[in-house]
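What follows is a single structure, written as structure tokens, with notes after it.
The values are calculated or read from the model by the stated rules, or taken from the named source; none is laboratory data. Remember, predicted model here, so these are calculated numbers, not experimental data. Note that we place each Cβ from the backbone using ideal geometry, even for glycine, and neighbour counts take in every protein chain shown. With ligands, DNA and RNA removed, areas are computed over all heavy atoms of the protein, side chains included. Shrake-Rupley method; radii C 1.70, N 1.55, O 1.52, S 1.80 Å.
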Amino acid sequence: MVPHASYRRPLMLVSGVWLINAAVLLAFVLVPSLHFELPAAVHTNLHTLFETVSIIVSMLVFSAGWFTFSREGRSNVALLCSIFLGVAILDFVHLLSYDGMPAFFIPAKDGKSISFFLAARLLVAGALLAIAFQPWNRRIGNQERHWLMGLSLVFALGVSAYGLVEPAIMTWFFVPGSGLTTTKIAVEYLIIALNLAAAAGFYRRMREPQPYPLVSLFAAACLMALSELCFTLYATFHDQYSIVGHVIKVEAYLFVFRAIFIEFLEGPHRQLESARADLLESEEKYRLLFENAPDAYLMANADGSFHTANPAASAMFGIPRQDLWRIGRNDVTSDPRLAGFLEERGRTGFARGELILRRGDGTTFLAELSSSSYTHSRGRQMSSTFIRDITAKRQAEEEVLRLNATLEQRVRDRTAELQVANEDLERFAHVMAHDLRSPLVAIEGFAGLLRRGGESMDDKQKHYLDRIQAGVARMAEMIDALLELADVSRAPLKTQTLDLSAIADKALAACRQRDPQRKVKAVVENSLLGQGDARLIATVMANLIGNAWKHTVRNPDAEIVVGMEPSAQGRVVYFVRDNGSGMKPGAVETVPDESGTQQSPTESPRAGVVLASVRRIIGRHGGTVWAESAPGQGVVFRFTLEPAPL
């Protein structure tokens, strides 16, 4: 298992400490010449020093953990500090009962002190094992904490009392002249196993960052196991293994001290420093916002006197900032709406509104205010208000309202002018049609007279006469088409659901009635429905079908198809298709197709006007019309309308 990256460097340092201690122990095991035995007096002094340090560290762990629990309430903190209170008591009794110390209830002997030492080590190993495998953030109350401390005290005091009054205990773990007993070594290996299990639990948790000093507790468990290994090897209480074991034990206690005291007391201090830095950064941001805000900001006391003002407020009122702090709200406004504004702020804690404010030179301006009230940390009622000069904004709004008020009249005037212009255009179109028809009638009449008396005309003269009459007919058609185009541009729309199939059949019937000798195959799909004006859509069908009828005149197998098909955009597309002569690009006015390209609808000048009329009608219905063709391949006119409702 690979630990999280945040633990790798601390683990390297801890591993270095453990390896140094292990190397020292291994050197004593492998090199007998390194063995030594201290004089009894020197060893007693050293032992007293080691145990005194252990007791002090244990009490520091207890006091730091007890204080930390009152702030955090974690069960593991309560367990560790309670256990180390018991450990401090057992180490103290162990120190007093050690060989060379004054008699304590019964004479101080090595065998008696070992029992207290082993009990303290069992407590520490059990506590580390419990912490390694139970959730760190589990919380308990004060009652459970006192129960843990009570159990630790009962165990420590019970073991101490029994060990002090039971003489036989002196031979359970050590026999003078023979050394350590099997029981003592077995208990030591049990303690080693408990510490190694705790170390494994701590290491397993290093896969993810944890909210407690995991590496320090892992180091303590590893060093405690190594220390206990030393206490399985000594032959006398004064040899090198005993000394090394006590040194490593003190190191392990110091790591526990670091975990509790350093992490849990310095941690809050670091958090406090971080919070202080964040506060300074926040204050700097607030200061920059306060100094550079485009809107005026005023902080006022409960009586309305100004407490703080930013530079924008000074510029807005034309009053120096130091002078603003000497006046209050009643000095900058006499607007009667102020009372209601203050009443709303007092009731809800916030108010927004408009007031007339007064500058230092006596001029007034309209301002928008957003104000809130709050309680200062010292208990004073304060208010903060943002002020924005909206004079220019209000003037712009009034100008817009004025323009809107006159806009309707301008639109009515313009509409009336357009109506008059359209009526003049309509009259002009009819007058022009009448004036143009008069010479055409005269030309047609004289041409007819010439034809009736033209027995003596040769073929060339008759051809010229035919050309004259054909030109007159074409001019008449163009005049009719122009009048129709003017009419469809002005006619109001009366939209309804239409049966386009019936409209197409009627247009085909009109063509057959005008030209009964023609044999044209006509196919009209059933149930072609759409939305539109009945009269105008009938004009569209009549024009498109009439155009197809005319341009299939030279085809003996003439065919006209009226139908419907879907488009790529999902809209319904209606079409009129013929197999006539097709279109010649650029011959006449073009009709735009759906994709923006343009096609030439026909070669007939009338057809150009007729199809312009179709395009105008379809455009008024919100649709589009386009054509596809090639010379000799017929024409397909397609157009769109709003679909009929289901």
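Scanning the stretch 23-41 for residues that are without any contact (Cβ under 8 Å) to a residue 60 or more places away in the chain and in a helix (DSSP H, G or I), which turns out nearest to the chain's Cα centre (by Cα)?
Ala23
Taking the stretch 180-229 only, how many residues are assigned to a helix (DSSP H, G or I), within 43 Å of the chain's Cα centre (by Cα) and aromatic (Phe, Trp, Tyr)?
Looking only at that region, the number is 3.
Of the residues that make up the stretch 305-315, is at least one touching a Gly at 6+ places or on another chain (Cβ under 9 Å), open to solvent by 20 Å² or more (accessible area, probe 1.4 Å) and not in a helix (DSSP H, G or I)? Outline the logic, then answer.
Residues of the stretch 305-315 touching a Gly at 6+ places or on another chain (Cβ under 9 Å): 305-306.
Add one more test, that the residue is open to solvent by 20 Å² or more (accessible area, probe 1.4 Å), and what stays is 305.
Still in the list and also not in a helix (DSSP H, G or I): 305.
Yes: the stretch 305-315 contains one or more residues that are touching a Gly at 6+ places or on another chain (Cβ under 9 Å), open to solvent by 20 Å² or more (accessible area, probe 1.4 Å) and not in a helix (DSSP H, G or I).
Would you please name the residue that is nearest to the chain's Cα centre (by Cα), looking only at residues in the stretch 497-551 that are closer than 22 Å to Arg616 by Cβ and among the basic types (Lys, Arg)?
Step by step, filter the stretch 497-551, then rank; the result is Arg535.
Scan the stretch 196-240 residue by residue and report those that are out of contact with any strand residue (DSSP E or B) (no Cβ under 9 Å at 6 or more places or on another chain), open to solvent by less than 20 Å² (accessible area, probe 1.4 Å) and closer than 26 Å to Thr48 by Cα.
Of everything in the stretch 196-240, those that are out of contact with any strand residue (DSSP E or B) (no Cβ under 9 Å at 6 or more places or on another chain), open to solvent by less than 20 Å² (accessible area, probe 1.4 Å) and closer than 26 Å to Thr48 by Cα turn out to be Ser216, Leu217, Ala219, Ala220, Ala221, Leu223, Met224, Ala225, Leu226, Ser227, Glu228, Cys230.
So in the stretch 504-544, with the set limited to residues that are part of a helix (DSSP H, G or I) and more than 22 Å from Leu493 (Cα to Cα), which one is most open to solvent (accessible area, probe 1.4 Å)?
Arg514
So the check is Cβ under 8 Å with 6+ separation or different chains; which pairs have a first residue in the stretch 315-333 that's within 11 Å of Arg358 (Cα to Cα) and a second one that's part of a loop (DSSP other than H, G, I, E, B) and open to solvent by less than 10 Å² (accessible area, probe 1.4 Å)?
Partner pairs satisfying both residue conditions: Phe317/Val332; Arg329/Gly304; Asn330/Gly304.
Would the stretch 438-448 turn up any residue that is modelled with pLDDT of 70 or more, outside any helix (DSSP H, G or I) and polar (S, T, N, Q)? Before the answer, list the steps.
Step one: of the stretch 438-448, the residues modelled with pLDDT of 70 or more are 438-448.
Next, only the ones that are outside any helix (DSSP H, G or I) stay: none.
No: the stretch 438-448 contains no residue that is modelled with pLDDT of 70 or more, outside any helix (DSSP H, G or I) and polar (S, T, N, Q).
Of everything in the stretch 210-232, what is over 17 Å from Ile131 (Cβ atoms) and modelled with pLDDT under 90? Give them in sequence order.
Across the stretch 210-232, the qualifying residues are Phe231, Thr232.
Does Ala41 satisfy the condition of being at pLDDT below 85 and of a type in the set (A, V, I, L, M, F, W, C)?
Spelling it out, Ala41 is indeed at pLDDT below 85 and of a type in the set (A, V, I, L, M, F, W, C).
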